[in-house]
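Visitor: Dropping a structure here in C-alpha cells format, bear with me for questions.
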Amino acid sequence: MEKYSVGIIGATGMVGQRFALLLAEHPWFDVKVMAASARSAGKTYKEAVGKRWLLADPMPAKFENMIVMDATADMKTIAGAVDFVFCAVDMPKAEIKALEEAYASLGCPVMSNNSANRFTPDVPMIIPEINADHAEVIKYQQKRLGTDKGFIAVKSNCSLQSYVPAIHPLLPLGVERALACTYQAISGAGKNFNTWPEMIDNVIPYIGGEEEKSEQEPTKIWGVLEDGVIKPRNTVPITAQCIRVPVSDGHMAAVFVKLENNPGMDEIKRLWAEFAGEPQKLGLPSAPAQYIHYFEEDNRPQTNMDRMLEKGMAVSVGRLREDSQYTIKFVCLSHNTLRGAAGGGVLMAELLCAKGYIKRS
Ligand code: NAP
C-alpha cells in the first residue's frame, strides 16, 4: 500500500516526540516533514530537540538528520508536501486556532492534540471507539473554511480517556451522574522527574483548567450532529477533581456512577468486555484488540504494570463494586501520552483515512 505523507507540527515537544516514535515504523504513514517554532527551524531534528528528548526509547535514527521547518513561515510548502499533519504545539490558544485553520484552509487536514479548537462547533472531537460518526460534521466545516480537502479534527483531553470509555458502554443502563477523581502523571504537563524534581515524593491538588475540561469535554463527545454543528449534550453530568501525582506516565481515575438500572456486576463486566467500536471493526493498525480490559485482582490496574497494555492504547478497569451513595464505583487507567495524546491522534487519523476523509494526493 502506498503510504500517506504526513507532517508533525510541534515535532520537538513531548507529544511531538511521541508522534515521532509512533510513526517511525507506521504501516500507513510516512513522516515527510518535521516542523516547530522559528527557534528550531533550519536545525536537524536531533539538534533542535537537543537535551529535551524525554522518552525512554531513543530518537528514531531515520529522523535525526531531518531538517526542522518553521510551522508558520514554511506553511505553504509543508501543506503542499504532505497529505495531512499532526499538530501538538505550545502556543497561545488564539495563535493555535489561527495556525490550524490556516493549514486546513490550504487543503491540509489537521489532526490536533491541542485544546484550542475542541469547542469549535463544526470541529469533531473524536474518541474513535465512541463517536466516529461525528466525522460527518467535517463537510460543514469545509464549507466554512472554503476547502474540500482540509479540515481540523481534534482529540479530547487525556484526563477523561479512562472514565468516558468506561462509562460509555453503560449508557443503555441509564447513567444519571458520575464523579471522577483523577490521579494524573507528570508527563501530562510535558515534564519528567528531571525537569520537575519538585514532584518527587509530592502530590499537587490542582491542575489548571483540567477539571473544567474533564467535566465539559464529555458533553461534546456525547453530543449530536444537528444543523451542521456538534451540539453538546449533558448526557452524563460529571463532577471531577484532578490531582497531580508522582508517576511518569498514566492517568488513573476513581469513578462513582449512579445508574437507573443496576443489572449486577457481572452484566457490567460483560458490557465492558463486549464493547468495541469502529477501530476494532475496521482493524485499524493502532486499535487495541480489546479496548476495555477488566482486572479481577483487588490491586489492579496498577499504573506501572498496566499502562502499556495493548501498546498503551487500551483502558484498564478494576475494583468494580456497589456503592452506598452512587450505584457502582471502580478504578480505571489509561496512558496519557499514548491513548491520551499521540496514540489517540494516530488512531483518529487512521479512522479518517479508512473512512475516506483524508485522501492521498
Ligand atoms: P512541549 O513539550 O512544550 O512542546 C511544544 C512544541 O510546540 C514544541 O515543538 C515547540 O517548538 C512548539 N512551538 C512552540 N511555539 C511554537 C510556534 N510559535 N510555532 C510552532 N511551534 C511552536 O508541549 P507538549 O507537552 O508536547 O504539548 C503540546 C500540545 O499538546 C499542547 O497544546 C498540550 O496542551 C497538548 N497535549 C499535551 C499532552 C501531554 O501529555 N503532554 C496531552 C495532550 C495534549 P520549539 O521546540 O521550536 O519551541
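Visitor: Using only alpha carbon pairs under 8 Å that are at least six residues apart, calculate the relative contact order of the chain and give it in whole percent.
Guide: 17 percent
Visitor: Just to be sure I understand: of the beta bridges DSSP finds with both ends in the stretch 266-361, what percent are antiparallel, rounded to 5?
Guide: Antiparallel bridges make up about 55 percent of those DSSP assigns within the stretch 266-361.
Visitor: OK, next. Ratio to report: Rg/Rh of the stretch 121-227, with Cα atoms as the point set and Rh obtained by the Kirkwood method; give two decimals.
Guide: With Rg and the Kirkwood Rh in hand, the quotient comes to 1.06.
Visitor: Relative contact order (percent) for the stretch 127-239, with alpha-carbon contacts under 8 angstrom and 6 or more residues of separation?
Guide: Taking the mean separation of contacting Cα pairs over the length of the stretch 127-239, I get 34 percent.
Visitor: With +1 on each Lys and Arg Cβ and -1 on each Asp and Glu Cβ, and nothing else charged, work out how big the dipole of the stretch 268-331 is about its Cα centre, in Debye to the nearest 20.
Guide: 80 debye
Visitor: Give the cross-link partners of K311 among the aspartates and glutamates, using a straight C-alpha distance below 17 Å as the criterion and excluding same-chain residues fewer than 8 apart.
Guide: Output for K311: E25, D57, E129, D249, E350.
Visitor: Related question: Run the dipole for the stretch 108-152 about the Cα centre, Lys and Arg Cβ at +1, Asp and Glu Cβ at -1, nothing else charged, and hand back the magnitude in debye, nearest 20.
Guide: The dipole of the stretch 108-152 has a size of about 220 debye.
Visitor: For the stretch 1-139, what is the percent of antiparallel DSSP beta bridges, rounded to the nearest 5?
Guide: Of those bridges, close to 5 percent are antiparallel.
Visitor: Then there is this: To the nearest 10 square angstrom, what accessible area does M313 show with a 1.4 Å probe?
Guide: Number for this one is 10 Å².
Visitor: Working only with C-alpha atoms, what are the Rg and Dmax values of the stretch 118-182, expressed in angstrom?
Guide: Reported Rg and Dmax, both Å: 14.5, 42.
Visitor: Also, I was wondering about something else. Taking every alpha carbon pair in the stretch 16-106, what does the distance histogram look like in 10 angstrom bins from 0, in percent?
Guide: 15, 50, 32, 3
Visitor: Only Cα pairs within less than 10 Å get springs; with that Gaussian network setup on the chain, which residue of Y45, Y103, Y326 has the largest fluctuation?
Guide: Greatest mean-square fluctuation among the candidates belongs to Y326.
Visitor: Now, a different point. Out of all DSSP beta bridges with both ends in the chain, state the antiparallel percent to the nearest 5.
Guide: 45 percent
Visitor: So, one more: When all alpha-carbon pairs of the chain are counted, what percent fall beyond 32 Å?
Guide: 28 percent
Visitor: What is the distance in Å between the Cα centres of the stretch 208-264 and the stretch 308-329?
Guide: Answer, in whole Å: 14.
Visitor: Still on this structure, please answer the following. How big is the convex hull of the Cα atoms of the stretch 3-42, per residue, in Å³?
Guide: 56 Å³
Visitor: How big is the charge dipole of the stretch 18-81 about its Cα centre, in debye rounded to the nearest 20, if each Lys and Arg gets +1 on its Cβ and each Asp and Glu gets -1 on its Cβ?
Guide: 200 debye
Visitor: Computing the accessible area with a 1.4 Å probe over protein heavy atoms, can you report the carbon and sulfur percentage for the chain?
Guide: 50 percent
Visitor: Still on this model: Of K32/K139; K269/K355; K155/K355; K143/K355; K139/K281, which ones are farther than 22 Å apart at the Cα?
Guide: K32/K139; K269/K355; K139/K281
Visitor: From the C-alpha coordinates alone, can you work out the Kirkwood hydrodynamic radius of the stretch 298-361, in Å?
Guide: Evaluated on the stretch 298-361, it is 13.8 Å.
Visitor: Give me the log10 of I(q) over I(0) for the stretch 164-289 at q = 0.21, 0.23 Å⁻¹, as the Debye formula computes it from C-alpha points; what are the numbers?
Guide: For the requested q values the scattering log ratios are -1.22, -1.26.
The values are calculated or read from the model by the stated rules, or taken from the named source; none is laboratory data. Worth saying up front: this structure is predicted, and the values here are computed from it rather than measured. Glycine also receives a Cβ, built like all others from the backbone with ideal geometry; neighbour counts cover every protein chain displayed. Calculation scope for accessible area: heavy atoms of the full protein, side chains included, ligands and nucleic acids excluded. Shrake-Rupley method; radii C 1.70, N 1.55, O 1.52, S 1.80 Å.
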